[in-house]
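For reference, the structure is listed below as C-alpha cells.
Readers should treat all values here as calculations from the given coordinates under stated rules, not as data from a laboratory. Note that this is a predicted model, so its numbers are computed, not measured. Cβ sites come from the backbone with ideal geometry, for glycine too, and all protein chains shown count toward neighbours.
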Amino acid sequence: MQMTIFVLPISMLLFFVLFFGIGFILNMLLRMSWIMAVIYPIVTIRIIDKVRFIEYFTDTKAAFSSLWTEITSLAVADVLILSSGMAGAIVAGIVIRLLRKRGYQMF
C-alpha cells in the first residue's frame, strides 16, 4: 500500500504523541527518566522483524541476519515514522527531567 503525502505527517505525529505519552507515564511512575528511550528499540525490532523473540537466543545468526535484511528493506516513510516515535520517547525523558529540576514532584 502506497503512503500518500497526507498520511505520512499524520502518522509521524501519531507515533511521536503515542510514544511521548507512554514514555511520560512510564517515566513518571517508575522514576527513570530514560526508560522509554531504552525500551523503544526493542519495540521497534518487534514491529519490524517477524522472528520470534526467543530465536534471538536460540538461533542468533539467522535471527540477526533476518533483522538486518528487514531493516535495510524499510521504506523512507517507515524510517521517518519510527524515528518520530524515538524522538517522542527522548522528548518525554527531557520533559520529565526538566519538570523534576523545576521542583515538580510526580508520584
TODO: Scan the stretch 30-55 for residues that are outside any helix (DSSP H, G or I) and either surrounded by 15 or more Cβ atoms within 10 Å (Cβ to Cβ) or basic (Lys, Arg) (or both) and report the count.
DONE: 7
Open item on the list: List pairs: first residue in the stretch 12-37 and of a type in the set (Ser, Thr, Tyr), second residue crowded, with 17+ Cβ neighbours inside 10 Å anywhere in the structure, Cβ distance under 7 angstrom, at least six positions apart or on different chains.
Closed with: Ser33/Asn27; Ser33/Gly93; Ser33/Ile96
Task: Within the stretch 4-20, tally of residues that are β-branched (Val, Ile, Thr) and surrounded by 13 or more Cβ atoms within 10 Å (Cβ to Cβ) - done: 2
Task: Residue in the stretch 90-107 that is in a loop (DSSP other than H, G, I, E, B), farther than 28 Å from Gln2 by Cβ, touching a residue at least 40 places away in the same chain (Cβ under 8 Å) and hydrophobic (A, V, I, L, M, F, W, C) present - done: yes
Open item on the list: in a helix (DSSP H, G or I) and hydroxyl-bearing (Ser, Thr, Tyr): is that true of Ser66 in this structure?
Closed with: yes
Open item on the list: It is to be established whether one or more residues within the stretch 54-74 are over 19 Å from Leu30 (Cβ atoms) and touching a Ser or Thr at 6+ places or on another chain (Cβ under 9 Å).
Closed with: yes
